[in-house]
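Worksheet: the structure to be examined is printed underneath.
Computed from the coordinates by the stated procedures, all read-outs in this text should not be read as laboratory data. Remember, predicted model here, so these are calculated numbers, not experimental data. Note that we place each Cβ from the backbone using ideal geometry, even for glycine, and neighbour counts take in every protein chain shown.
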Amino acid sequence: MTTDLVTQTQDAVSVSALRKTFGAVTAVDGVDLTVAPGEVVALLGPNGAGKTTTIEMLLGLSRPDSGTVRVLGLDPVAAVRSGGVGAMLQSGGLLRDLSVGETVRLVAAMHRSPLPVGRALELAGIGDLADRRIETLSGGQRQRVLFALAVVPDPGLAVLAEPTVAMDVETRRAFWVAMHELAQEGRSVLFATHYLDEADQSADRIVLMAAGRIVADGPATQIKAAVDVRRVRATLPAGDLDRLASLPGVSLAERQGATVTLTCDDADAALRALVETEPGACDFEVRGADLEDAFLALTGSTGDRS
Amino acid sequence: MTFTYLGTELRRSFRNPRYVFFTIGVPVVLFLVIGNAFKGDVFGVSAQTWYMVNMAVFGAIGAVLGVGARIADERDSGWNRQLRLTPLPPLGYVAGKVMTGMLVALPALVLVCLAGRLTGAVQLGATQWAEVIGLGWVAILPMAVVGVGLGYFSSGDNAQAVNGGVIMLMSMFGGIWFPIDATSPDWLRVTAHSLPTYWITQITRAPLTHVWPAAGGWAVLAVWVALGARLAARGYRRDALRAA
């Protein structure tokens with residue numbers, strides 16, 4: 001508190017000791033987060049990790065129980081009022097009876113120095129949909145309109161919550177190309193996702209959230225390596241779990257009936273050892289672990305998510 | 001900014017068949033079909049003049065409540081949340097709805113009067129026409145505020161039904177369908193005097209009758225404005241607190 005007067009930073013986002021509870025549930029539990037100008041940061045975590053709640057507090061849509069939030073050096077509500085923030089929320093709605101162009105033009109008109117509407121549509125890849133009524137759009141196309149609304153303010157900070165939900169693979173790729181175009185022009189981007197690949201490919205930095213806390217924060221490559229867990233599955237009716245768990249590269253061994261599942265930090269080594277030491281094992285299967293497993297590997301906790 | 005906002009809202013109205021047919025069309029048709037059924041004088045003007053004023057007010061009320069109902073729809077669809085991510089202040093949003101309501105009320109007023117003029121059923125001087133339309137338009141303002149309140153009170157699903165009920169009751173018991181005067185039962189007079197419609201129609205025909213609402217009438221209008229504003233403020237706060 002005493003440092004408030006001297007911390008005149010130009011950070012796009014500066015959050016400290018942020019906390020928010022809903023009844024008995026602590027959704028955000030002491031989050032510290034900084035986004036530097038021009039930085040692209042992924043807020044990565046499973047559903048219920050507190051990503052959305054954090055973003056809503058950043059945008060002034062809900063108020064923290066405690067902690068401080070500064071966006072572009074301002075109070076969140078003031079930052080949004082200043083027009084410096086572009087945001088895309090999952091819960092964002094559109095007016096069915098307007099065209100795409102009218103919608104973007106309407107929001108552009110609320111800002112002091114917006115991008116040309118055509119440019120925003122182009123960035124969102126919907127230049128050809130300008131005259132289409134919102135009610136005729138697919139889910140993925142609606143997402144792109146929401147993205148156009150987030151960029152048309154020409155914001156210093158873009159905050160995007162699960163931006164690629166409902167997008168097909170093609171659209172998703174185009175979306176990230178557009179997002180990088182944004183970031184290259186010096187804007188900061190903070191996006192929430194529960195896809196590790198997306199965070200890894202698109203962010204300079206990954207902030208990993210679980211159960212309302214930040215459990216890791218660092219360059220994408222570092223986080224990716226830390227959470228890049230794989231699972232080896234095999235049919236092995238008789239096999240001692242303790243021995244399996246002690247194989248090289250294996251961090252956890254579990255059994256469901258005749259199937260054993262090995263959670264691995266080095267799947268290659270684990271597989272080799274498994275083939276050598278367990279002649280009875282068959283039906284091998286190696287796959288990337290999902291994010292929840294990654295959290296287990298990283299936090300060592302048993303996923304007490306809220 | 002305001003021009004784009006208002007312009008977009010107006011375009012939405014004229015794109016909406018419900019507004020074009022029911023809000024503007026129905027009062028004109030009612031006037032043309034039923035207006036001739038009334039004979040003699042009502043409140044010192046010809047029955048047709050009395051009925052024309054009432055239908056003009058009826059259409060204008062439908063228009064402002066219809067715009068208010070959009071708030072319910074926009075809260076449901078998440079558009080309100082989208083707007084909270086823009087510099088548009090909440091009061092600007094509400095003011096925009098009131099202004100839009102006022103603007104789309106005008107065609108409803110004018111067209112019913114035009115029907116009265118063109119059929120020769122109502123004969124007024126140019127000044128009187130201007131006064132009737134102008135006063136009717138200003139007098140509708142309390143209902144525009146009530147419409148915003150109802151928009152925050154109802155949901156997208158039931159907003160049309162709520163509006164329909166409100167228009168029906170306020171018309172029936174507010175002296176729009178049939179005259180409510182000294183010969184009416186006490187309970188009906190008391191009810192009518194507590195409704196904005198009664199006073200709005202009285203103000204609208206005042207240029208012809210020279211009868212203005214007493215202090216009590218103005219107070220009733222003020223209470224309805226306060227009620228609408230209170231509903232709106234409560235709904236807005238509820239939205240602001242809603243976290244999901």
**OP:** Would you list which aspartates and glutamates come within 20 Å of B:LYS97, measuring only between C-alpha atoms, while excluding same-chain residues fewer than 8 positions from it?
**Re:** A:ASP97, A:GLU102, B:GLU9, B:ASP73, B:GLU74, B:ASP76, B:ASP157, B:ASP239
Original post:
So what's the gap between the Cα centers of segment B:127-159 and segment A:48-126, to the nearest angstrom?
Top reply: 32 Å
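What's the longest piece of chain B with no exposed trypsin sites (Lys or Arg not before Pro), counting a site as exposed if DSSP puts it in a loop and it has at most 13 other beta carbons within 10 Å? Can you show the working numbers first?
Details: sites that count: B:LYS39, B:ARG242.
That gives B:40-241 as the longest site-free run.
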Subject >> Tilt relative to chain A, helix A:169-184 - C-alpha long axis, 0 to 90 degrees, to 10 >> reply: 60 degrees
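Considering only the other residues whose Cβ falls under 14 Å of the Cβ of B:THR209, what net charge follows from Lys and Arg at +1 and Asp and Glu at -1? Could you put the intermediate results ahead of the total?
Details: positive: B:ARG205; negative: B:ASP41, B:GLU131, B:ASP181.
That sum, taken over residues with Cβ under 14 Å, equals -2.
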Subject >> Mean residue ellipticity (222 nm) of chain A, computed from DSSP H runs ≥ 4 via -39,500 (n - 2.57), nearest 500 >> reply: -9000 deg cm²/dmol
Subject >> Cα gyration tensor, chain B - rounded (a/c under 1.5), prolate or oblate >> reply: prolate
**OP:** State which stretch of chain A is the longest one without any exposed trypsin sites (Lys or Arg not before Pro), exposure meaning a DSSP loop state and at most 16 other Cβ atoms within 10 Å.
**Re:** A:133-304
**OP:** Would you list which lysines come within 22 Å of A:LYS224, measuring only between C-alpha atoms, while excluding same-chain residues fewer than 8 positions from it?
**Re:** A:LYS51
Original post:
Helix B:159-172: angle to the longest alpha-carbon principal axis of chain B, degrees 0 to 90, nearest 10?
Top reply: 20 degrees
Original post:
Expressed as an acute angle from 0 to 90° and rounded to the nearest 10, what is the orientation of the C-alpha long axis of helix B:126-139 relative to the principal long axis of chain B?
Top reply: 40 degrees
**OP:** Considering Cα pairs under 8 angstrom that are at least six residues apart, work out the relative contact order of chain B and quote it in whole percent.
**Re:** 24 percent
Original post:
With each label point set 7 Å from Cα along the Cα-Cβ vector, what nm distance links B:THR183 and B:HIS210?
Top reply: 2.4 nm
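Listing B:MET52, A:MET110, B:MET172 from the residue with the fewest other Cβ atoms within 10 Å to the one with the most, what is the order?
On the way: B:MET52 28, A:MET110 21, B:MET172 17.
Ordered by Cβ neighbours within 10 Å, fewest first: B:MET172, A:MET110, B:MET52.
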Original post:
Just the projected area, averaged over all directions, of the convex hull on the alpha carbon atoms of the protein assembly as shown: how many nm²?
Top reply: 33.6 nm²
**OP:** Please work out whether segment A:230-288 counts as rounded, prolate or oblate from its C-alpha gyration tensor, where a ≥ b ≥ c are the square roots of the eigenvalues and a/c under 1.5 means rounded, while otherwise a/b larger than b/c means prolate and anything else oblate?
**Re:** rounded
Original post:
In the protein assembly as shown, what percentage of the DSSP-assigned beta bridges are antiparallel, given to the nearest 5?
Top reply: 70 percent
